[in-house]
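This report refers to the structure that appears directly beneath it.
The values are calculated or read from the model by the stated rules, or taken from the named source; none is laboratory data. In this text the structure is predicted, and so the values were computed from the model without any measurement. FYI the Cβ positions are ideal-geometry reconstructions off the backbone, even for glycines, and counts take in every protein chain you see. Side chains are part of the model used for accessible areas, which takes the heavy atoms of the whole protein and leaves out ligands, DNA and RNA. Shrake-Rupley method; radii C 1.70, N 1.55, O 1.52, S 1.80 Å.
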Amino acid sequence: MERFYRSRETVGLLVGLVSLVIVFSPLYIFIPAVAFLSYRVAKEVSQALKVELYPVFASTVFLISCLHTGMGIVLSAILSLTRGYRSWSMEDFLKSFLVLIYAGILPSYLYTLKVLHDYQLLKVLIFTWVVDVFSYYVGKHLGKHPFFPKLSPKKTWEGFLGGAIGGVVTFSFISGLPPFKSLLCGVLLILCAVSGDLFKSFIKRQVGIKDFSDILGGHGGFTDRFDSLLFTAPVYSALIVL
């Protein structure tokens, strides 16, 4: 068990370091890196949903969405229509659309933050890390009361509150916003981060899997690791321009 946690922490540290390098990389490195993330998430989710969708479609949607989100949504609909028509299945159509929005559109907001400023992307990355770390360790050591047990049996209210407090406090220091606005934005982003985690958990429970893959060891797959970030980045990108 100790070896497992050391492995989990080592992988988490490695993923974090690579993420930091990518955040401050030039666009010709950043864009392919996020396109790869889009590809991996699409592959993991489409396999879980048992829909035959080429993961490269999500990467294409991501690239088009970097130019304009509306164009990415339309392309997602067209590609989903193609998949649904081939199998003549509404279920395949809807699953494909879900995968492309999730794995193609949402990652494009990482590009939006990158273009605004490297440090804007870094802020939301640090925020989600803090929420994840505090939620995990507070829940592991102090958790007693289940938090949405049908979605995620091991998560607790204590873990949620630990992540929420850690995230809001951290955001108040790094946001650069006035205190009251920082508090409101922090609370909203907490809800987004938790919703991203529960969204992923809902899919896993419906299809009966523990993780989307084991490519990241104890962290599961890319979907398991970046779920909160995918939900937080779009909202944060909207908040900072208000």
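Just a few scattered comments:
- Look at (1) modelled with pLDDT under 90; (2) assigned to a loop (DSSP other than H, G, I, E, B) and you find that GLY218 fails only one, number (2).
- Some residue of region 192-211 being buried (at least 16 other Cβ atoms within 10 Å of the Cβ) and modelled with pLDDT under 90: yes
- Residue satisfying all of: in region 212-242; under 22 Å from LYS150 (Cα atoms) and of a type in the set (D, E, K, R); most open to solvent (accessible area, probe 1.4 Å) among these: ARG225
- Odd one out for VAL23 among (1) closer than 19 Å to ASP224 by Cα; (2) surrounded by 14 or more Cβ atoms within 10 Å (Cβ to Cβ); (3) in contact with a helix residue (DSSP H, G or I) (Cβ under 8 Å, 6 or more places away or on another chain): (1)
- Yes/no for THR69 being at negative phi, touching a helix residue (DSSP H, G or I) at 6+ places or on another chain (Cβ under 7 Å) and open to solvent by 50 Å² or more (accessible area, probe 1.4 Å): no
- Exclusive hit being under 30 Å from LYS123 (Cβ atoms) and small (Gly, Ala, Ser), set SER59, SER80, SER96, SER87: SER59
- Those residues of region 203-223 which are touching a residue at least 40 places away in the same chain (Cβ under 8 Å) and closer than 13 Å to VAL41 by Cβ, in sequence order: ILE203, PHE212, SER213, ILE215, LEU216, GLY221, PHE222, THR223
- Applying a threshold of 6 Å to beta carbon distances and a minimum spacing of six or more residues, or different chains, the list of pairs starting in region 140-169 at a residue that is without any contact (Cβ under 8 Å) to a residue 40 or more places away in the chain and ending at one that is among the small types (Gly, Ala, Ser) and in a loop (DSSP other than H, G, I, E, B) reads THR156/GLY143; GLU158/GLY143; GLY159/GLY143.
- Filtered residues of region 80-103 (kept if over 14 Å from VAL45 (Cα atoms), crowded, with 19+ Cβ neighbours inside 10 Å and touching a residue at least 24 places away in the same chain (Cβ under 8 Å)): ARG83
- Candidates SER59, SER76, SER38, filtered to the one that is surrounded by 15 or more Cβ atoms within 10 Å (Cβ to Cβ), within 22 Å of ASP197 (Cβ to Cβ), touching a residue at least 24 places away in the same chain (Cβ under 8 Å) and of a type in the set (S, T, N, Q): SER38
- Out of GLY84, GLY72, GLY12, GLY104, sole residue that is out of contact with any strand residue (DSSP E or B) (no Cβ under 9 Å at 6 or more places or on another chain) and either at pLDDT below 95 or outside any helix (DSSP H, G or I) (or both): GLY12
- Residue match in region 159-176 (condition: open to solvent by 40 Å² or more (accessible area, probe 1.4 Å) and assigned to a loop (DSSP other than H, G, I, E, B)): yes
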